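Report on one structure; see the data block that follows.
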Amino acid sequence: ETLAITTVYVVFVSIITLVVEREAKPYCNLFLSSFTYCGSWLIVMFVLYLLLLDARMTSGTEAIVLSGMLCFANIILIVVIFWVDVTSKGKLKRSVSIHMNKVKE
């Protein structure tokens, strides 16, 4: 009973923290904001994975599959972070060049 209550508490607090941080938007830089958001989700997923292992809800093949899924999610989030960074820099360069052309005119 105690482990179930602790699991629900951890999941609730972690998701509320993610929502509050996302809504507060504490970072002006788009890359940094995306990086911290993805990092927070990675931490939540890792904690949930460890809770599932600790509660003995997964074992053997299931634990290996969940571990692989977590690794795959990490790779996808890393790719998304770098993609956001590259596209935001491209948008910044275009907006600066448009602004500079208007200033020249």
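Per the conditions (1) within 23 Å of the chain's Cα centre (by Cα); (2) surrounded by 12 or more Cβ atoms within 10 Å (Cβ to Cβ); (3) at pLDDT 75 or above; (4) not aliphatic (A, V, I, L, M), the sole criterion not satisfied by Ser88 is (3). In the stretch 1-53, the qualifying residues are those that are under 13 Å from the mean Cα position of the chain (by Cα) and among the polar types (S, T, N, Q), and the one that is surrounded by the most Cβ atoms within 10 Å (Cβ to Cβ) is Ser34. So, Ala73, is that one at pLDDT below 80 and among the small types (Gly, Ala, Ser) or not? No, not satisfied.
Taken together, Leu53, Leu3 contain a single residue that is assigned to a helix (DSSP H, G or I) and either modelled with pLDDT of 75 or more or in contact with an Asp or Glu (Cβ under 6 Å, 6 or more places away or on another chain) (or both), which is Leu53. Before we move on, is Thr61 out of contact with any helix residue (DSSP H, G or I) (no Cβ under 7 Å at 6 or more places or on another chain) and either at pLDDT 75 or above or exposed (fewer than 11 other Cβ atoms within 10 Å of the Cβ) (or both)? So Thr61 passes the test.
The values are calculated or read from the model by the stated rules, or taken from the named source; none is laboratory data. Quick caveat, the model's predicted, so the values are computed rather than measured. With ideal geometry, Cβ positions are generated from the backbone for all residues, glycine too; neighbour counts draw on all protein chains shown.
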